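The structure appears below as structure tokens.
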Amino acid sequence: MLSRPNRLPRIAIPMPHSCDARYAERAIAQYESAVALAGGEPVRIALYQGPSEIKKAAENCDGVLLPGSKADVDPARFRAARSPKTAAADPRRDAVDNLLLDDGYRLRKPVLGICYGLQSLNVYRQGSLIQHIPDSLPKGTRAKVDHEAGSKVPAAHSVEIESESLLGQILSGKGDPQRSRHAQPGGQASNIILPVNSSHHQSADSVGTGLRIVARCPLDGIIEALEGTAADHFVLAVQWHPERSVDQDEASRQIFCAFVQAAANRAR
């Protein structure tokens, strides 16, 4: 059970998009529900605020959750020419993400990135992105996985997670019937194979400073999770959407519970 400080840990969540209010309201509700289920207090961060207001809101929070978005990160931020298949950027969302990450890294607040949140985090840490996954894969591999399957497909493909990673430790030993073990050569600890949903056409390419790859799609090698390399700072990002499945899936709940617990520990 989650041990709680005198108040619930407060989790800053930027609104997912600045130009589509209906989408943003619908999307953020799932993240808020997942945080509340894990014992946290979600705090919406509006995108139409000045930097001083955002910094003040961030100061009163114990963790940062970067949600998904309809936008794509501006390729100019990682010094790449724009692909014709790259969606419009959302500069307001990017600016808020950067301010929240500034605060999170400066004060070692737990950070959880989801889908676009992984991409935003990676670019913030000077990494780059694959702008359209099919264009980056050999022709024989492109049809193996549909990374844009959408929210109506609960298990689009599997990801292979390093068992000794933070994410692997979060997910290990919980008896999830959908989880299997994949033996590694040379007597190494087995990795975790986890079925996930999928709603993205971009992914991390070169990995940012202080991050490392801890999960890939085994069928095409696409990066599916990153985490921080500093032992004293909880930083985790996944390319799928655990907020959609917290009511039915133990693995999804464990990700949010571990994140909120880390925020609770910091709040104490």
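Where a number appears in this text, it was derived from the coordinates with a stated rule and is not lab data. Just so we're clear, the structure is a prediction, and the values are computed from it rather than from any experiment. Ideal geometry is used to build each Cβ from the backbone, glycine not excepted, and the neighbour counts take in all protein chains shown.
Using a Förster distance of 41 Å, how high is the FRET efficiency between Ala36 and Ser136, based on the Cβ-Cβ distance and rounded to 0.05?
Working: r = 37 Å, r/R0 = 0.91.
E(calc), rounded to 0.05, equals 0.65.
Sticking to Cα atoms, compute the Rg of the stretch 99-175 to one decimal and its Dmax as the biggest Cα-Cα distance, whole number, in Å.
15.9, 46
Which is farthest toward the positive dipole end of the stretch 1-59 among Gln49, Cys19, Gly39, measuring Cα position about the Cα centre, with Cβ charges +1 (Lys, Arg) and -1 (Asp, Glu)?
Positive-end residue among those listed: Gly39.
Specify the residue with the greatest mean-square fluctuation among Arg253, Arg26, Arg44, computed from a Gaussian network of the chain linking alpha-carbon atoms under 10 Å apart.
Between Arg253, Arg26, Arg44, it is Arg26 that shows the largest mean-square fluctuation.
Choose one answer from Glu243, Glu164, Glu41: the residue with the largest mean-square fluctuation in a GNM of the chain with alpha-carbon springs under 10 Å.
The residue with the greatest mean-square fluctuation here is Glu164.
Based on DSSP H runs of at least 4 residues, each adding -39500 (n - 2.57), what is the mean residue ellipticity at 222 nm of the chain after dividing by all its residues, to the nearest 500 deg cm²/dmol?
-9000 deg cm²/dmol
Taking a quarter of the surface of the convex hull around the Cα atoms of the stretch 198-268, what do you get in nm²?
Working: hull surface 23.5 nm².
Approximately 5.9 nm², given one-decimal rounding.
For Lys55 and Ala230, what does the FRET efficiency come to when R0 = 22 Å and r is the distance between their Cβ atoms, rounded to the nearest 0.05?
Numbers: r = 22 Å, r/R0 = 1.02.
For R0 = 22 Å, the calculated efficiency reads 0.45.
Considering the chain as a Gaussian network with a 10 Å cut-off on Cα pairs, which listed residue, Ala80, Ala215, Ala36, attains the greatest mean-square fluctuation?
Comparing Ala80, Ala215, Ala36 in the GNM, the peak value goes to Ala80.
Suppose R0 equals 41 Å; then what is the FRET efficiency for Arg79 and Asn265 from their Cβ-Cβ distance, rounded to the nearest 0.05?
Efficiency, from the Cβ-Cβ distance: 0.65.
Once fully extended, how much extra length lies between Ile213 and Gln248, figured as 0.36 nm per residue of separation less the alpha-carbon to alpha-carbon distance?
The span from Ile213 to Gln248 would gain 9.9 nm if fully extended.
Considering Cα pairs under 8 angstrom that are at least six residues apart, work out the relative contact order of the chain and quote it in whole percent.
The normalised contact order for the chain reaches 23 percent.
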